[in-house]
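The values are calculated or read from the model by the stated rules, or taken from the named source; none is laboratory data. Predicted model, so just to flag it, every value in this text is computed and none were measured. Here the Cβ positions follow ideal geometry from the backbone for every residue, glycine too, while neighbour counts run over all protein chains shown. For accessibility, only protein heavy atoms count, side chains too; no ligands or nucleic acids. Shrake-Rupley method; radii C 1.70, N 1.55, O 1.52, S 1.80 Å.
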Amino acid sequence: MAKPLNGISRSSMPRSNEGMRLIFSAVVGVMLGYLFGISFPTVNITKLHFPSSIISYIEDRNSGITTQTLLNHAWASANNRKKNSSESNTDEIPKIYVPTNPKGAERLPPGIVVSETDLYPRRLWGDPSEDLTSEPRYLVTFTVGIGQKSNIDAAVKKFSDKFTIMLFHYDGRTTEWDEFEWSKRAIHVSVRKQTKWWYAKRFLHPDIVARYEYIFIWDEDLGVEHFNAEKYIELVRKHGLEISQPGLQPDKGLTWQMTKRRGDQEVHKVTEERPGWCTDPHLPPCAAFVEIMATVFSRNAWRCVWHMIQPAHEKIGVVDAQWIVHQAVPSLGNQGKSDNGRAPWEGVRARCRKEWGIFQTRLADAEKAYYLERGITPPNSTVV
């Protein structure tokens, strides 16, 4: 029998070769895993496909350990390291989200959010901090047509420079007002054939007029001979009125007892109406009631009213010591359209009544839905 060559028998050589293949396979697998791990840390291993010739070459079929298994382990380790790093960075620099910010601005830092503005005009030049030489504390608006230009001129002169003057033009004519010096400082909004509440809803948002302590929303046909704006504000403050109007001179344009001026007192908040008109002495038209021709709102009341809600009767009243005359000039009514032989103002009046009915229905439906959503039987309701 031949002797083994160099002390190594032939029968041991296959086992040695198999061991070398296993070691080689493991080394190659670890190296590939490391290289791919640092080069493509976000790639999903299930999407990597190696040629079958390479896999079969480095696979140890007897041991059951494959290069693919080693690569999977390497990829998992790399992904875990990246995930831990990402979580650590998130803790260090959190994303901004402030739920108390205005809707849509939650991702902004609170210090940059300016939710309110004003109607103060600015210059186009110079230092912005020097733009405003004064900041009016009150706002007065008139809904106007050119036919009442003289009357508005007289009314505006009753308001000092503590008031911002704003004109809503329902006839589209604005340049003719430039003959008045005050008009050059006023704010003019022109949209044809609209009512003052249309303008108010769109241009007097509470966040826009938040700088003003009181907001006057007046008609164009008011006589102001007996009216002093500064004294009026003193009285509404004194009596805690949130919604008010000047008393109306009794002999002209009077409709309601509540708005009639009383000469023996500064302010009144309740009245007596015709029999059967008031189901409750604290409800309109015997209390909590003013007309819409010359309404004055506090800042807080306007924020409430803008959303179509009225406050309690204690905060609504008529200022008797400062009164006006309703001249009842149907100038806006004349902007209507003749139809079936009816005058233009008749169509406007019919539209006003219709919109009032729509509003009453909306308010009743909203209250009913609110209570039903909470499982409560609405007041004065037969719903079971």
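Couple of notes before you dig in:
- Number of the condition not met by VAL156 [criteria: (1) open to solvent by 20 Å² or more (accessible area, probe 1.4 Å); (2) at pLDDT 95 or above; (3) in contact with a helix residue (DSSP H, G or I) (Cβ under 7 Å, 6 or more places away or on another chain)]: (1)
- Selection status of VAL290, more than 25 Å from ASP161 (Cβ to Cβ) and either in a strand (DSSP E or B) or aliphatic (A, V, I, L, M) (or both): yes
- Of all the listed residues (SER183, SER244), the sole one being among the small types (Gly, Ala, Ser), open to solvent by less than 20 Å² (accessible area, probe 1.4 Å) and under 21 Å from VAL305 (Cβ atoms) is SER244.
Conditions (1) touching a Phe, Trp or Tyr at 6+ places or on another chain (Cβ under 7 Å); (2) hydrophobic (A, V, I, L, M, F, W, C); (3) at pLDDT 65 or above; (4) closer than 29 Å to PHE203 by Cβ, marked per residue:
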| residue | (1), (2), (3), (4) |
| --- | --- |
| LEU48 | no, yes, no, no |
| SER63 | no, no, no, no |
| GLN68 | no, no, no, no |
| ILE93 | no, yes, yes, no |
| ALA105 | no, yes, yes, yes |
| PRO109 | no, no, yes, no |
| THR133 | no, no, yes, yes |
| THR141 | yes, no, yes, yes |
| ILE146 | no, yes, yes, yes |
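- Number of residues in region 299-314 that are modelled with pLDDT of 90 or more, open to solvent by 40 Å² or more (accessible area, probe 1.4 Å) and within 16 Å of ARG237 (Cα to Cα) equals 2.
- Set side by side, the residues GLU220, GLU225 differ, and just one is at pLDDT 90 or above and open to solvent by 70 Å² or more (accessible area, probe 1.4 Å), which is GLU225.
- No other residue among GLU242, GLU220 is among the charged types (D, E, K, R) and closer than 15 Å to TYR138 by Cβ apart from GLU242.
- When region 97-139 is filtered for residues that are of a type in the set (A, V, I, L, M, F, W, C) and under 23 Å from the mean Cα position of the chain (by Cα), the ones remaining, listed by number, are VAL98, ALA105, LEU108, ILE112, VAL113, VAL114, LEU119, LEU139.
- Output for region 116-154, where each listed residue is assigned to a loop (DSSP other than H, G, I, E, B), of a type in the set (D, E, K, R) and touching a residue at least 12 places away in the same chain (Cβ under 8 Å): GLU116, ASP118, GLU135, ARG137
- Qualifying residue in region 270-288 (condition: open to solvent by 10 Å² or more (accessible area, probe 1.4 Å), touching a Gly at 6+ places or on another chain (Cβ under 8 Å) and touching a residue at least 40 places away in the same chain (Cβ under 8 Å)): no
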